[in-house]
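The structure appears below as structure tokens.
The values are calculated or read from the model by the stated rules, or taken from the named source; none is laboratory data. What you see is a predicted model, and the numbers here were worked out from it, not measured in a lab. Using ideal geometry, Cβ is built from the backbone for each residue, glycine included, and neighbour counts are taken over all protein chains shown.
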Amino acid sequence: MRLQKEAEMRAIKLVGLVTLLCASAVLAQTTDGVATWNSRAIVFDGDGNPIDMSQPINPALYPTGVWLQWTISCVVTGNNQGLALAMVGWGIQDASGNWAPFVQDPANLYLAPVYKAPGVSVNGTVADNATAGGLGAGPGSAKGFPADNFFYVDQMGMGYLDWQGRRYKTTVPKGWIGNQQWGMGLDSRKAAILRDGVDGTYDLTEGVVELTHVPNGTYHSAFDPLDKNIKSRVLNVGQDLNQDLPAVDFIDVPIVRGDTFSFTIVPEPATLLLLAGAGLLARRRRA
């Protein structure tokens, strides 16, 4: 049984996002929580000037093009030590609920660089250089797989394969070692692990997509309720994360799909005039 238990604790499952799925032990304290996933966006022209998303967007008015930058973030609540694993499926849909017919270029898909880099003399920092999934997540971090023909990004995420706690080493050579800190998603940990401190958000992934030539219509962002890979797990309370561990203990928590955004693309003025003329002609014929 002991060997079987150790094997279970080290099991690795490949689901696009490589991550550790260990068997959770029953701890003295009760862990609970909720993970809320949010999406937000900004729109700008090719020169970087902001465009008001609350108003219909006419790409013909912007000769340098129209671009949208989207960001996925999380909020974790409850009695836990923050996010341990995440996989998120998300995209942009048209008014009929179909995934929108424009493509996320993988070259414009990024892991969000909002986490502090490790310092040499400051405790509470984490290893993250925008190539990991936040909080020093190991090789299990991933930034998604855009679909080829419509806007959908699957299996964006982060996870820990093992745990290398950020701590001060008192033996020679002395100094700060370890890459990982706990608390992703928790309000109480923002000052320690986010570059923007208490004013920041726990961003996971972001991307930039061009809107210049998309069909006219209204679009909105949506987390895919049919994607079985959407999941969130939190670090259990009662474990000392200031030391190295062969695996971290965690549990699944309920997922809430939170903030989303929408925008509307309208025809260029010449097209509007043609449509208006066609409408007048139709009315005359009916008369």
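Overview of results
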item: Residue ID - surrounded by the most Cβ atoms within 10 Å (Cβ to Cβ), chosen from residues in the range 60-81 that are polar (S, T, N, Q) and touching a Leu at 6+ places or on another chain (Cβ under 9 Å); result: Asn80
item: Selection status of Pro254, touching a residue at least 60 places away in the same chain (Cβ under 8 Å) and over 30 Å from Ala107 (Cα atoms); result: yes
item: The range 180-190 - residue that is among the small types (Gly, Ala, Ser) and surrounded by 15 or more Cβ atoms within 10 Å (Cβ to Cβ) and, of those, farthest from Gln164 (Cα to Cα); result: Gly185
item: Residue count, the range 141-172 (criterion: touching a Leu at 6+ places or on another chain (Cβ under 7 Å) and over 27 Å from Ile193 (Cβ atoms)); result: 1
item: Residue list for the range 68-85, filter: of a type in the set (Gly, Ala, Ser) and either closer than 30 Å to Pro56 by Cβ or not in a loop (DSSP other than H, G, I, E, B) (or both); result: Ser73, Ala84
item: Boolean, Thr218 is part of a loop (DSSP other than H, G, I, E, B) and over 18 Å from Thr36 (Cα atoms); result: no
item: Selection status of Thr19, under 27 Å from Phe223 (Cα atoms), in a loop (DSSP other than H, G, I, E, B) and modelled with pLDDT under 95; result: no
